[in-house]
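What follows is one structure encoded as structure tokens, with my remarks underneath.
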């Protein structure tokens, strides 16, 4: 039995040595990059275009909200000015009208915020998936074996390819934008 154990120990040690010397060679051949996806999304031209589109889409509703707020302020000023000469019924009607306008304003503002946030989330989800696809295309075209994203605690500048990916995204955007 000791002969078998001795052969087994030698085989395990031999295999360990082979793996120990082979690992650095494999690690040297592996091309790894680190990308800050958030930085790419924030600085990509598609993000600015998306924000401009959403602003334009919601501008009419935003103007309506501002107009409603101005209407309330003007009515408050008028009621304050005429308060001394108003009768009891007229004053109550003016206060009720102000409350109703205030509720309508708050409803409009809340709906606007909810709709705006929903659209932003939808569009940014599409944008993030698109940019993620471009990161994958970049990695394949440049021969990367592994691209690591968020959650990296340290990355040497030689493996941080965020700028290269951003330039790739910008070039693709310019190539497809008329």
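The values are calculated or read from the model by the stated rules, or taken from the named source; none is laboratory data. As the structure is a prediction and not an experimental result, all values here were calculated from the model. Cβ coordinates were reconstructed from backbone atoms using ideal geometry, including for glycine residues, and neighbour counts include every protein chain displayed.
Restricting attention to segment 114-129, does a residue exist that is within 11 Å of residue 33 (Cβ to Cβ) and in contact (Cβ under 8 Å) with a residue 60 or more places away in the chain?
no
Going by the structure shown, is residue 66 modelled with pLDDT of 90 or more, part of a helix (DSSP H, G or I) and either over 30 Å from residue 166 (Cβ atoms) or in contact with a strand residue (DSSP E or B) (Cβ under 9 Å, 6 or more places away or on another chain) (or both)?
For residue 66, the condition - modelled with pLDDT of 90 or more, part of a helix (DSSP H, G or I) and either over 30 Å from residue 166 (Cβ atoms) or in contact with a strand residue (DSSP E or B) (Cβ under 9 Å, 6 or more places away or on another chain) (or both) - is met.
Just to be sure before I move on: is residue 81 more than 36 Å from the chain's Cα centre (by Cα) and either part of a helix (DSSP H, G or I) or over 19 Å from residue 42 (Cα atoms) (or both) in the structure I sent?
yes
Just the residues that are loosely packed, with under 13 Cβ neighbours inside 10 Å and touching a helix residue (DSSP H, G or I) at 6+ places or on another chain (Cβ under 9 Å), please, taken from segment 71-89.
78, 82, 83
Residue check, residue 156 against (1) surrounded by 10 or more Cβ atoms within 10 Å (Cβ to Cβ); (2) farther than 24 Å from residue 59 by Cβ; (3) more than 22 Å from the chain's Cα centre (by Cα), all met but one. Which one?
Status for residue 156: all satisfied but (1).
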